[in-house]
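The values are calculated or read from the model by the stated rules, or taken from the named source; none is laboratory data. Treat the numbers as computed from the prediction; the structure is a model and nothing was measured. Counting neighbours? That spans all protein chains shown, and the Cβs are built from the backbone with ideal geometry, glycine included.
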Amino acid sequence: MKNEKLITKLKAIVAPYIQNEDAFKNLSEDTDFVNDLQINSANLVDIILDVEDEFDIRLENEDMEKMLDVKSTMAIINTKLLAK
Amino acid sequence: MIGNDIVDIAEAKLKSNWQRPRFLDKLFTLKEQLIIKNSENSFYMVWRLWSMKEAAYKLYTQLNPSRFYNPKAFECKIEDTNGIVSYKGFSCYIKTKITSNYILSEARLKENRMTSELTSFDSMDSKYQSESLKINLIDRLSKTYNISTSKLKFSKSNFGIPTVNINSKTINVSLSHHGNFGAFAFTIPV
């Protein structure tokens, strides 16, 4: 999937959980879910489940380990989509 | 070394849905899922176990500076208000305090009483909460050590692990906030 399209989808997924509007407006590949968007760690699992639903993929524990920022999440989604 | 984690009950009800498909399986081992299922109040058990895992993770990353998201790998055992969490070769003791408003867990390498101090916020702004929790921690340390707040330097490592420095001594600290509540804890350096 094209990066722009992927980032737009990801932005819609994280929107309900963000606690920093400015960081959200400027969301890029370098954005960190916790440090930048101030997403509570209790909601990271919701992002993972939403990603699974949106892209119709399943994420294992090893995939989840790195899903703390936009870049790693995009990389994992792309890997999973290619393997489909 | 110390880790703590607070869960605001109202916030957990409002902002999370533990009953959504695959939620439990992502965070909890089969044993833990059974504990949740057999618990009198499954909602409380979900968040109790979650706070234990988070507190243990914070302690673990103080010992092993790193950053990752793998709550399921932190396996919990519960006994009364105590618990043990294990991850790979690491394990720690947990104290948990449960009220109708919040669940608070504190992780230590050796069994200890609960030392975390609670703050309730009048604003839901995340940045404001982090800042005021930090100020409360610094004030508390200033009183404990009878030292001016300007001598206490709060910092976070590249992995986001917080510490406070007094002169050349490093104090391990842990901060947590969720919903309307925050809690800090610290260890007295030897």
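Assorted remarks:
- None of B:K53, B:K88 is in contact with a helix residue (DSSP H, G or I) (Cβ under 8 Å, 6 or more places away or on another chain) and on the phi > 0 side of the Ramachandran plot except B:K88.
- Residue match in segment B:127-147 (condition: under 17 Å from B:L175 (Cβ atoms) and touching a residue at least 60 places away in the same chain (Cβ under 8 Å)): no
- The criterion of at least 1 residues that are within 16 Å of B:S126 (Cβ to Cβ) is met by the following helices (runs of 4 or more DSSP H) wholly inside chain A: A:3-14, A:21-25, A:44-55.
- Among residues of segment B:75-91, those that are surrounded by 15 or more Cβ atoms within 10 Å (Cβ to Cβ) and charged (D, E, K, R), counted: 2
Here is a yes/no grid of residues against (1) within 9 Å of chain B (Cβ to nearest Cβ); (2) within 30 Å of B:Y87 (Cβ to Cβ); (3) small (G, A, S):
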site: A:K5; (1), (2), (3): no, no, no
site: A:L10; (1), (2), (3): no, yes, no
site: A:Y17; (1), (2), (3): yes, yes, no
site: A:E21; (1), (2), (3): no, no, no
site: A:V34; (1), (2), (3): yes, yes, no
site: A:A75; (1), (2), (3): no, yes, yes
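- Identity of the residue in segment B:103-115, more than 11 Å from B:H177 (Cα to Cα) and in contact with a helix residue (DSSP H, G or I) (Cβ under 9 Å, 6 or more places away or on another chain), that ends up surrounded by the fewest Cβ atoms within 10 Å (Cβ to Cβ): B:L109
- Within segment A:45-66, the residues that satisfy the criterion of being closer than 23 Å to B:G160 by Cα and in contact (Cβ under 8 Å) with a residue 24 or more places away in the chain are A:D46, A:I47.
- Odd one out for A:R58 among (1) closer than 27 Å to B:D5 by Cβ; (2) within 12 Å of another protein chain (Cβ to nearest Cβ); (3) modelled with pLDDT of 95 or more: (1)
- Among the residues listed as B:E117, B:E75, B:E106, the single one being within 13 Å of chain A (Cβ to nearest Cβ) and at pLDDT 95 or above: B:E75
- Evaluated against (1) of a type in the set (V, I, T); (2) buried (at least 16 other Cβ atoms within 10 Å of the Cβ); (3) out of contact with any helix residue (DSSP H, G or I) (no Cβ under 7 Å at 6 or more places or on another chain); (4) free of Cβ contacts under 8 Å to residues at least 24 places away in the same chain, B:T61 falls short on exactly one condition, (4).
- Only listed residue being under 24 Å from A:I39 (Cα atoms) and either of a type in the set (A, V, I, L, M, F, W, C) or not assigned by TED's automatic domain parsing to the domain that holds B:A55 (or both), chosen from B:I147, B:I188, B:I135: B:I135
Residues are listed down the side, and each one gets a yes or a no for (1) in a loop (DSSP other than H, G, I, E, B); (2) within 24 Å of A:D46 (Cα to Cα):
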{"site": "B:W50", "(1), (2)": "no, yes"}
{"site": "B:A55", "(1), (2)": "no, yes"}
{"site": "B:G83", "(1), (2)": "no, no"}
{"site": "B:L104", "(1), (2)": "no, yes"}
{"site": "B:K110", "(1), (2)": "yes, no"}
{"site": "B:E131", "(1), (2)": "no, no"}
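- Selection status of A:L81, more than 19 Å from B:E54 (Cα to Cα) and of a type outside the set (F, W, Y): yes
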